[in-house]
1. Comparing 194, 45, 129, which has the greatest mean-square fluctuation in the GNM of the chain with Cα pairs linked when under 10 Å apart?
2. Kindly write out, for the range 216-232 in residue order, the coupling ³J(HN,Hα) from the Karplus curve 6.51 cos²θ - 1.76 cosθ + 1.60 (θ = phi - 60°), rounded to whole Hz, with x marking Gly and Pro.
3. Among 61, 135, 77, determine the one that fluctuates most according to a GNM of the chain built with springs between C-alpha atoms less than 10 Å apart.
4. Around residue 168, which amide H atoms from residues at least 5 apart in sequence, or from another chain, sit under 5 Å from its own amide H, with H modelled in the peptide plane?
5. At R0 = 41 Å, how high is the FRET efficiency between residue 325 and residue 41 if r is their beta carbon distance? Nearest 0.05 is fine.
6. Calculate, for residue 60 and residue 123, the FRET efficiency according to 1/(1 + (r/R0)^6) with r their C-beta to C-beta distance and R0 41 Å; round to the nearest 0.05.
7. Compute the long axis of helix 271-280 from its Cα atoms, compare it with the longest principal axis of the Cα atoms of the chain, and write down the angle in degrees, 0 to 90, nearest 10.
8. So between residue 181 and residue 52, what do we pick up on full extension, going 0.36 nm a residue minus the alpha carbon distance?
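The values are calculated or read from the model by the stated rules, or taken from the named source; none is laboratory data. Keep in mind that this is a model prediction, so the values were computed, not measured. So basically every Cβ, Gly included, is an ideal-geometry build from the backbone, and we count neighbours across all protein chains shown. Surface areas here come from the heavy atoms of the whole protein model, side chains and all, with no ligands, DNA or RNA. Shrake-Rupley method; radii C 1.70, N 1.55, O 1.52, S 1.80 Å.
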Amino acid sequence: MRSPARRDVVRCVARMRRGIAGVLVASAAVAPRSLAQSLPRSALAVRDGGAWHEWWSSERAPARWDSASPTLARAVAWHEVSAGIEQGELALRGTGEAWRLRVILVRFDARRLRLALARAVRDEGLLGAWTVDSAPDDAALAVNAGQFTGGTPWGWLVMDGVELQPPGTGPLSMGVVIDSAGALRLVDAASLDAARAAGGIAHAFQSYPTLLTGDGEIPAPLRADGRGIDVAHRDSRLALGVLRDGRVLLALTRFDALNGTLSSLPFGPTAPEMAALMGALGCRRAVMLDGGLSGQLLVRDREGRASEWSGMRSVPLALVARPSREISDRR
């Protein structure tokens, strides 16, 4: 159950956000928005070799990412933490509240792991109860999954081959499917019925908004204002994508000003900026998971040491990866 201290923090976040955001925006020298622009004016730079390198701006935002950005690729130092799982980080400089961001990156080969969904609720199912502290001791990776309505995962939910909830309705929703062979794929809303009919699904959930579809295409509602998505809203973010080589990428953002002492504040990228980040890191398809106060991640190395990025809010559903049986049998 959430501690009184955590509840107090959650209640205060909105007030803190209004006060601190005013200071940050005033100090960030944000250029005024042009009426001719499709997106609010913003830019993203990455720190590499002690210098900042701009790699994206709203004025030159591509509609499609056909490959990874060399600038971002050079800035990430990947290291293997366990079989099939690598971890990296980026330091970003953005606009307004996002003037200093840290991005925790995890990429993994789902075929070398055992993926499953874990559900946890309390108070007669009215509130989510899962946090990274709930992850089992043998979890190599754990992350909150999907979007939520109270204590219920939003939209489609399949666990252990049984469909517990039908798909939700939303043009920018996307299904995350783990098949009976252990592979993970992302399925557009228009293809969910076909995926259900095909069968062979071990676990699945639904989330939104879609960040990348097809082969690196950014959905139209993320390319301009006034198309049903708030393209100016900033928040801490969590996204899941599939790379062109089939591996899965997770990206979790944290506010990184003042030596990380305010990392729990929900300041971060806009949805278009997050789409750009996933595209620039080489994803073909990507979808947002619940971020803000809910975003949380655990990565455990071969020696059993866990790195955790906690959230302020417990959730009802998580994606958990364990070492494959073959790897476990070798130990």
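1. 194
2. x, 7, 8, x, 4, x, 9, 9, 7, 6, x, 10, x, 10, 6, 7, 9
3. Comparing 61, 135, 77 in a Gaussian network model of the chain, the most mobile one is 77.
4. 155, 156
5. 0.20
6. After rounding to 0.05, the efficiency reads 0.25.
7. 70 degrees
8. 42.2 nm
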